[in-house]
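S.K.: Have a look at this one before I ask anything.
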Amino acid sequence: QVQLVESGGGLAQPGGSLRLSCAASGIIFSINTMGWYRQAPGKEREFVARISSSGITNDADSVKGRFSISRDKNTVYLQMNRLKPEDTAVYYCHAYHGNQYWGQGTQVTVSS
């Protein structure tokens, strides 16, 4: 059973930066795809970015040029720069390896 544990959320000012991390355990193979979703209050969960085991990345238009996803084996990172108030959400780590797995979520708040 794959388990995902996120860290790195918190409070940032508009224009600031945060880095999220997500470490997977319970698997010795390289997970096919790891990524991030987010859910703001009153909104549906939405895709943010993903990265394959070979390093191919995709990200949402809303974060292009500001967020960068990377991974080291089965740990995935989300570097978030030039944060905006609308980036405020709970960020969930996601993994796909035959089945889908979700982390517990980490709060990111962007406010002055």
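The values are calculated or read from the model by the stated rules, or taken from the named source; none is laboratory data. None of the values given here were measured: they were computed from a predicted structure. Backbone-built Cβ (ideal geometry, glycine too); neighbour counts: all protein chains shown. For accessibility, only protein heavy atoms count, side chains too; no ligands or nucleic acids. Shrake-Rupley method; radii C 1.70, N 1.55, O 1.52, S 1.80 Å.
S.K.: Tally up the carbon and sulfur contribution to the accessible surface of the chain as a whole percent, 1.4 Å probe, everything protein left in place.
M.R.: It is 46 percent, rounded to a whole number.
S.K.: Which value, in debye to the nearest 20, gives the size of the charge dipole of the chain about its Cα centre, when Lys and Arg are +1 and Asp and Glu are -1 at the Cβ?
M.R.: Details: 11 positive and 8 negative charges, 30 e Å.
Dipole size: approximately 140 debye.
S.K.: A further question on this structure: For region 76-82, what does the Karplus curve 6.51 cos²θ - 1.76 cosθ + 1.60, with θ = phi - 60°, yield as ³J(HN,Hα) per residue in whole Hz, taken in order and with x for Gly and Pro?
M.R.: Running phi through 6.51 cos²θ - 1.76 cosθ + 1.60 with θ = phi - 60° gives 10, 10, 10, 8, 10, 10, 6 Hz.
S.K.: From the C-alpha coordinates alone, can you work out the Kirkwood hydrodynamic radius of the chain, in Å?
M.R.: Details: mean 1/r = 0.0721 Å⁻¹.
For the chain, inverting the mean 1/r across all distinct Cα pairs yields 13.9 Å.
S.K.: Right, here's the next one. Could you pull out every one of the aspartates and glutamates with an alpha carbon less than 19 Å from that of residue 64, ignoring same-chain neighbours closer than 8 positions?
M.R.: Excluding near neighbours in sequence, the set is 46, 86, 87.
S.K.: Over region 6-112, give the accessible area per residue in Å² for a 1.4 Å probe, as an integer. Kindly include the intermediate steps, with their values, before the conclusion.
M.R.: Working: 5670 Å² over 107 residues.
Accessible surface, normalised per residue, equals 53 Å².
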